[in-house]
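Report on the following structure.
The values are calculated or read from the model by the stated rules, or taken from the named source; none is laboratory data. Everything numeric in this text was worked out from a predicted model, so none of it was measured. Please note: Cβ atoms are built from the backbone with ideal geometry, for glycine as well, and neighbour counts cover all protein chains shown. Ligands, DNA and RNA are excluded from the accessible area calculation, which covers all protein heavy atoms including side chains. Shrake-Rupley method; radii C 1.70, N 1.55, O 1.52, S 1.80 Å.
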Amino acid sequence: MTPTTEPGFRESVDLMFNRAAALMDLAPGLEEKIRVCNSTYTVRFGVRLRGRIETFTGYRSVHSEHMEPVKGGIRYAPSVTQDEVEALAALMTYKCALVEAPFGGSKGGLCLDPRAYEEHELEQITRRFAYELIKRDLISPAQNVPAPDMGTSEREMAWIADQYARMHTTDINARACVTGKPLNAGGIEGRIEATGRGVQYALRAFFRHPEDVARAGLSGGLAGKRIIVQGLGNVGYHAARFLSEEDGAKVIGIIERDGALHDPAGLDVQAAKDWLARHGGLKDFPNVAWAADGAALLEADCDILIPAALEGVIHRGNAARIRAPLILEAANGPVTAGADEVLRQKGTVVIPDLYANAGGVTVSYFEWVKNLSHIRFGRIQRRQEEARHMLLVAELERLSADRGLGWTLSPGFKERYLRGADELELVRSGLDDTMRAAYRSMREVWHGHPGVTDLRTAAYIVAIRRVAASYRAKGL
Ligand code: NAD
């Protein structure tokens, strides 16, 4: 449990913002303008389910419209509150600025436990919620574009897109009203994995800089690093799988709702995910120690701790006991402002949420562009790229044969080199580039800006600078 003396989620985000703003030279009053949430719409609507009318409460917050459309996911959870949605909307503003996605920040939430409803009931609820938001332009390709978040997935996004299309039958850009859709409903390759993939690219970017790695008291690369992940949902599962399968890291702990698995020899992430899907929890997973007190594992010995479930899990009450020298915030707001202070004093390096989980919004940006351009990435140039590569390979082969040089290309080279990039490769490449560029901009401030001692403050400074520049350009 979070101690009661802890600031709330929104207050935490504001405190982190203030810390960065205090080190900047912003025009008088601009700091407040950027920090405050522009508007929050609350809706209560009824849906007839199982013979009675059930009333639901939902929110859509718009934190900043310095760029439009505004962007941010829709969360389904019983704990959704206005405070939480506003905090998440603010994070979206800073996140989009940091990764140069041309959006303002927004977020939505519906207070319900999605596991308590049948699929057809969830569809009814989602369509009704979407209807309420669409009729107020709180979902619109030009003004406000939601995406999945905790408790929602591409299924809900497809319902929202369809609801929008039914209400705007002549809008040729209707599909761009929401991102994270299934491929057959206007989605993009690589969106489901995007946030977890972004976590992988963020850690790779960090480990490319030995000086930064040393600040966390670590050395070497990602291979062999011991990871504990909290939350094996969309973000946590993909991050854990990619890091263990592709970077040689060892996932030694997985924390879920019902408890945690711990094995210093390393866990099989895919097997744990399959078990979770089948049994709804990790208990009784074969041959691995399970403990009901999942949160205790946050404090276990490891190299990298990845909270990827929900906010406020590292707080004043447990921060001092966290042993991981490096924390990557895959969830939004998993470290409270109080805990952040304790961790900074301990020298723990935190890769902050607004950078670490920006892969989702980055690929959402690509999907939105794809929807507006009405063509899949790579469709025009792929074969032309292959033909140009073929010219080079044929020329090399001709030279070798004509001059009797006996050159042979290494096995598989020709096939790999000739193949033009498809949409998935282009998306991953664009995401990788985005995460590298954002990391560079953050570390420049981390190492060079007076008074900055942590990556979070650095990230906020980069983001605030960009939002401030947008406001200046608008004459504010
Ligand atoms: P999800 O619903 O797919 O997964 C969340 C997982 O956390 C589930 O497996 C759930 O069982 C588990 N969980 C819930 N409460 C827990 C607890 N107390 N302890 C341990 N595990 C618990 O959600 P997601 O989309 O993976 O989002 C996770 C976090 O990442 C959220 O903070 C979200 O805002 C953030 N995020 C998501 C995206 C995205 O693209 N989905 C993008 C950016 C940020």
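Scanning the stretch 308-335 for residues that are farther than 19 Å from THR457 by Cα and within 13 Å of the chain's Cα centre (by Cα) yields ALA308, ALA309, LEU310. For the stretch 5-34, residues that are within 29 Å of GLY317 (Cβ to Cβ), open to solvent by 50 Å² or more (accessible area, probe 1.4 Å) and under 28 Å from the mean Cα position of the chain (by Cα) total 7. Put simply, of GLU299, GLU329 the only residue that is among the charged types (D, E, K, R) and open to solvent by less than 10 Å² (accessible area, probe 1.4 Å) is GLU329. Here TYR471 passes the criteria (1) at pLDDT below 95; (2) exposed (fewer than 12 other Cβ atoms within 10 Å of the Cβ) except the one numbered (2). Of all residue pairs spaced 6 or more apart or on separate chains, those with beta-carbon atoms under 6 Å, a first member in the stretch 138-159 that is in a loop (DSSP other than H, G, I, E, B) and a second member that is within 11 Å of the ligand (Cβ to nearest atom) and of a type in the set (Ser, Thr, Tyr) are ALA147/THR179; ALA147/SER364; GLY151/TYR76; THR152/TYR76.
Out of GLY46, GLY105, I need the residue that is within 19 Å of PRO146 (Cα to Cα) and in a strand (DSSP E or B). Which one? Reasoning before the result, please.
Details: GLY46 fails: within 19 Å of PRO146 (Cα to Cα).
Residue meeting the stated conditions: GLY105.
Condition first: assigned to a loop (DSSP other than H, G, I, E, B), open to solvent by less than 60 Å² (accessible area, probe 1.4 Å) and in contact (Cβ under 8 Å) with a residue 60 or more places away in the chain. Can you find one or more residues in the stretch 407-424 that meet it? Yes: the stretch 407-424 contains one or more residues that are assigned to a loop (DSSP other than H, G, I, E, B), open to solvent by less than 60 Å² (accessible area, probe 1.4 Å) and in contact (Cβ under 8 Å) with a residue 60 or more places away in the chain. Filtered by the rule that a residue be closer than 18 Å to LEU431 by Cβ and touching a strand residue (DSSP E or B) at 6+ places or on another chain (Cβ under 7 Å), the stretch 330-363 gives ALA330, ILE351, ALA356, VAL361. Checked against (1) in contact (Cβ under 8 Å) with a residue 60 or more places away in the chain; (2) under 24 Å from VAL363 (Cα atoms); (3) more than 13 Å from the ligand (Cβ to nearest atom); (4) touching a strand residue (DSSP E or B) at 6+ places or on another chain (Cβ under 7 Å), ILE74 passes all but a single condition, namely (3).
Taken residue by residue, the stretch 225-233 has no member that is open to solvent by 40 Å² or more (accessible area, probe 1.4 Å), assigned to a loop (DSSP other than H, G, I, E, B), away from the ligand (no atom under 14 Å from the Cβ) and more than 18 Å from TRP275 (Cα to Cα).
Determine, yes or no, whether VAL452 is closer than 18 Å to LEU91 by Cβ, touching a residue at least 24 places away in the same chain (Cβ under 8 Å) and of a type outside the set (D, E, K, R). No: the conditions fail for VAL452. One residue stands out in the stretch 234-277 among those that are among the acidic types (Asp, Glu) and within 11 Å of the ligand (Cβ to nearest atom): the one that is surrounded by the fewest Cβ atoms within 10 Å (Cβ to Cβ), namely ASP258. When you check ARG60 against the structure, is it within 16 Å of the ligand (Cβ to nearest atom), over 22 Å from PRO334 (Cβ atoms), charged (D, E, K, R) and out of contact with any Pro (no Cβ under 6 Å at 6 or more places or on another chain), yes or no? Yes. Out of THR57, THR81, one residue alone is over 13 Å from the mean Cα position of the chain (by Cα), of a type in the set (Val, Ile, Thr), open to solvent by 10 Å² or more (accessible area, probe 1.4 Å) and within 22 Å of ASN18 (Cβ to Cβ). It is THR81.
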